[in-house]
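The values are calculated or read from the model by the stated rules, or taken from the named source; none is laboratory data. Please read all numbers here as calculations on a predicted model, not as lab measurements. With ideal geometry, Cβ positions are generated from the backbone for all residues, glycine too; neighbour counts draw on all protein chains shown. Each accessible area value is taken on the protein alone, full model and side chains, heavy atoms only, with ligands, DNA and RNA left out. Shrake-Rupley method; radii C 1.70, N 1.55, O 1.52, S 1.80 Å.
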Amino acid sequence: MLELKNIRKVYNENTINEKILFQDFNFQVEKGEFVSIVGSNGSGKTSLLNIICGSIPIEGGTILLDGNPIEKLAEYKRYENIGRVFQDPSVGTSPSMTLLENLSMAENKGKSWNLTRAVNKDRIDYYKSLLIPLGLHLEDQLETPVGRLSGGQRQAISLLMSSMTDVDYLILDEHTAALDPKTAAVIMDLTEKIVKEKGLTAIMVTHNLRHAIRYGNRLVMMHEGEAIMDIKNEEKEQIEVDHLLNKFYEISIEYGN
């Protein structure tokens with residue numbers, strides 16, 4: 001279980017531009033949940049992910065991962081148990097390295113390299129077995145620098161790499177936003193498959209309301225640092241895109257936008 005308790009996050013503290021985003025914010029994700037998070041710009045969606053992963057500090061509160069406090073844990077240490085896929089496909093991969101080198105690096109995340117070879121060619125057949133089901137012909141491009149691949153191919157690789165080690169949590173930061181609709185659908189189906197097969201707990205921030213409704217078993221809408229909607233399971237299955245759009249309109253009217 002992931003728990004955020006009494007989180008306080010302030011940007012530009014003690015300046016004229018001070019903005020309190022989270023004040024005594026509480027949020028928890030049960031083991032095995034796939035949570036889709038939507039919300040207006042500046043609502044705190046990405047900040048929430050950054051706080052969980054340790055990319056930004058907090059000014060107060062506690063973060064518990066499976067009962068263990070991690071708010072003082074370095075970002076790289078949190079990634080021992082957390083996989084993350086970013087909006088930009090280039091962030092999750094090394095474009096100058098070959099696909100084989102990227103997969104080898106991902107498989108050895110958190111391990112000591114010592115004087116061993118960075119690429120274990122004995123694992124090539126294993127890597128191909130992971131790539132073939134993607135249907136993107138990547139199994140024939142192991143020696144290709146990742147920077148030469150398409151955005152969709154690179155995002156599929158990022159997704160695969162994020163879950164190659166024994167992580168329990170998967171953080172998806174608008175990971176289809178830079179893709180065309182057809183490729184985004186492929187990546188979302190792959191996401192669902194990986195989450196289910198590996199039994200991961202997933203948190204996905206997205207602007208695509210259809211994806212938010214179709215995928216996962218819980219939907220959270222955020223606005224100005226608060227979760228103003230939180231539905232799951234059967235209730236989530238009944239919701240429609242128009243309902244979410246109407247909620248956004250209500251917010252805009254209420255806050256004079």
The chain: most fluctuating residue of H207, H243, H175 per GNM, C-alpha cutoff 10 Å: H243
Gyration tensor (alpha-carbon) shape descriptor, segment 1-71, a/c threshold 1.5: oblate
Carbon plus sulfur fraction of accessible area for segment 43-196, probe 1.4 Å, in percent: 51 percent
Given the chain, longest segment not containing exposed loop chymotrypsin sites (Phe, Trp or Tyr not before Pro) (DSSP; at most 13 other Cβ within 10 Å): 114-254
Hits among aspartates and glutamates - C-alpha to C-alpha of K19 under 12 Å, sequence gap 8 or more where chains match: E224
The chain - convex hull of the alpha-carbon atoms, volume per residue in Å³: 149 Å³
Within a Gaussian network of the chain (alpha carbon springs, distance under 10 Å), most fluctuating of E139, E240, E13: E13
Rg/Rh for segment 190-236, where both radii come from Cα atoms and Rh is the Kirkwood radius: 0.98
Stretch gain in nm, segment I20-N246, where the contour uses 0.36 nm per residue and the Cα spacing is subtracted: 78.7 nm
Residue with peak Gaussian network fluctuation, the chain [Cα springs, cutoff 10 Å], from S36, S90, S129: S129
Added length on full extension, which subtracts the Cα-Cα distance from 0.36 nm per residue, N41 to E192: 51.8 nm
Proximal lysines relative to K72, as straight alpha-carbon distance under 20 Å, when same-chain residues fewer than 8 apart are discounted: K5, K9
Approximate shape of segment 87-210 as ellipsoid semi-axes (Cα gyration tensor, √5λ), whole Å, largest first: 24, 17, 13
Share of pairwise Cα separations in segment 20-152, more than 17 Å, in percent: 69 percent
Rounded accessible area per residue of segment 159-257, 1.4 Å, Å²: 51 Å²
Using a Förster distance of 25 Å, the FRET efficiency for V10-I228 (Cβ separation, nearest 0.05): 0.75
Candidate aspartates and glutamates for bridging to K109, where Cα separation is under 16 Å - those fewer than 8 sequence places away on the same chain excluded: E75, E80, E101, D166, D168
Computed over the chain: relative contact order in percent, which uses C-alpha pairs under 8 Å that are six or more apart: 26 percent
